[in-house]
Amino acid sequence: MNMGEVERLDMKTVSIFGASGSIGKQALDVIRNSNGRYEVYALSVRQSIDTLIAQAREFRPKVVVVADEQAARIVKDDLPGIDVRFGDEGLSSTAAEADVALNSVVGFAGLQVTISALAAGKRLALANKESLVAAGPIVRSILKNSSGEIIPVDSEHAAIHQCLRGSNKNEVKSLILTSSGGPFRTSDAEELNFVTKDQALSHPIWSMGPKITIDSSTLMNKALEVIEAVELFDVRGDQVDVVIHPQSVVHSMVSFVDGSVIAQMSKPNMCLPIAYALGYPDRFEPEYGTLDFKNPIALSFEAPRMDVFRSLNYAYDAIRIGRGAPAWLSAVNEVVVDAFLRDEFRWIDIFALIESSMELFDPVDLEQPEDVVMLDKLARVRCQEVIDRWHNRGL
Ligand code: MG
């Protein structure tokens, strides 16, 4: 990672991609409470036009980005004086413009923003897992030739980023990602056969969008985070461990060669890692809740059940295989979760469908963003075929 120079106390312009989502709204909350330290340069949404218009009226960005030309026409009438852009082109051009691009676009679509912001030498506050998971090799090569930098917004990686401050890479033994374990942490195999969509959508700690909440229930979210950690912190797959920590107070840890472990703790509030990613290397008030150690506070840690939550194995396998395997995994997971959210099969079937789709993967070398786009498309087609066959079997 490249720690670019930041002029302290200067006002920074921030573009928020995925402004209507959970991270986007919390980012606007951070900016609202920042005493003018940040100014919203641009806002983008995929579908939530009404939310975008309301946000734009409050924050007066220079630019808004919507999905297509038709949406752009609707928005233009409501937001006179604001530059309305659309589509991939709109995302790319806009991501290259502000000091910070906060990428909280859901899914593979976020890749555009990541590539463009980094190529322009900007700070990327990254909340989109897929762009790094799918396009890791490409992002790495862009970073080599640019002054761009990634500060992770995901709570685990933000924690690790904090634990690593001031340490030498050779001193790091392993990164330890914590996971709340999701809503089915203690469910037995029989119960897991009958879990409902509503149960899977009710996360015990964090309030997030539907896709990431399902990913949390299968531990696929953690699996993608393992891949992301490998990319962000330049470590091997076997240097990233996952530990279940139901209280979600320790957001992740780093274990060092001398046996020391440094943990980052805070109340589970995404505004904190968002504010960290915007402000780094400075830390700013307002604080987002303080842990009170004078009251009893019990922290527990346990190993994940890899035999039940098989997603973690997929991640370690994908890292080992490389050559597009993480991209394939991320794409098929998106397709399977989308279909699950349309009630097409049971929660427990998610694993078998991902496994069948992974069997269809052929390694490729990813050199250009277009290579990732092609691989992503192919993975989605193959995965849809797997799902169609599953339905036709009448399961
Ligand atoms: Mg996370």
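The figures follow:
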{"quantity": "Single condition ASN269 does not satisfy, out of (1) within 21 Å of the chain's Cα centre (by Cα); (2) touching a residue at least 24 places away in the same chain (Cβ under 8 Å)", "calculated": "(2)"}
{"quantity": "Pairs where the first residue, in segment 273-297, is closer than 26 Å to PRO246 by Cα and the second is surrounded by 11 or more Cβ atoms within 10 Å (Cβ to Cβ) and of a type in the set (Phe, Trp, Tyr), C-beta under 7 Å, 6+ apart", "calculated": "ALA275/PHE284"}
{"quantity": "Residue within segment 204-212 that is more than 22 Å from ASP241 (Cα to Cα), in contact with a Leu (Cβ under 9 Å, 6 or more places away or on another chain) and modelled with pLDDT under 90 present", "calculated": "yes"}
{"quantity": "Any helices (runs of 4 or more DSSP H) falling wholly within segment 193-295 and containing at least 2 residues that are closer than 30 Å to ARG346 by Cα and away from the ligand (no atom under 13 Å from the Cβ)", "calculated": "197-200, 210-218"}
{"quantity": "Segment 366-388, subset out of contact with any helix residue (DSSP H, G or I) (no Cβ under 7 Å at 6 or more places or on another chain) and among the acidic types (Asp, Glu), residue farthest from ALA117 (Cα to Cα)", "calculated": "ASP388"}
{"quantity": "Qualifying residues in segment 265-296 (those that are surrounded by fewer than 12 Cβ atoms within 10 Å (Cβ to Cβ) and of a type in the set (A, V, I, L, M, F, W, C)) - the one farthest from ASP154 (Cα to Cα)", "calculated": "PHE293"}
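To keep it simple, each residue is scored yes or no on (1) over 19 Å from GLY110 (Cβ atoms); (2) modelled with pLDDT under 95; (3) among the hydroxyl-bearing types (Ser, Thr, Tyr).
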{"position": "SER48", "(1), (2), (3)": "no, no, yes"}
{"position": "LEU52", "(1), (2), (3)": "no, no, no"}
{"position": "GLN55", "(1), (2), (3)": "no, no, no"}
{"position": "GLU58", "(1), (2), (3)": "yes, no, no"}
{"position": "LYS62", "(1), (2), (3)": "yes, no, no"}
{"position": "ASP68", "(1), (2), (3)": "no, no, no"}
{"position": "ALA71", "(1), (2), (3)": "no, no, no"}
{"position": "ILE82", "(1), (2), (3)": "yes, no, no"}
{"position": "PHE86", "(1), (2), (3)": "no, no, no"}
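The values are calculated or read from the model by the stated rules, or taken from the named source; none is laboratory data. Note that the structure is a prediction, hence the values are computed from the model and not measured. All Cβ positions, glycine included, derive from the backbone under ideal geometry; neighbour counts span all protein chains shown.
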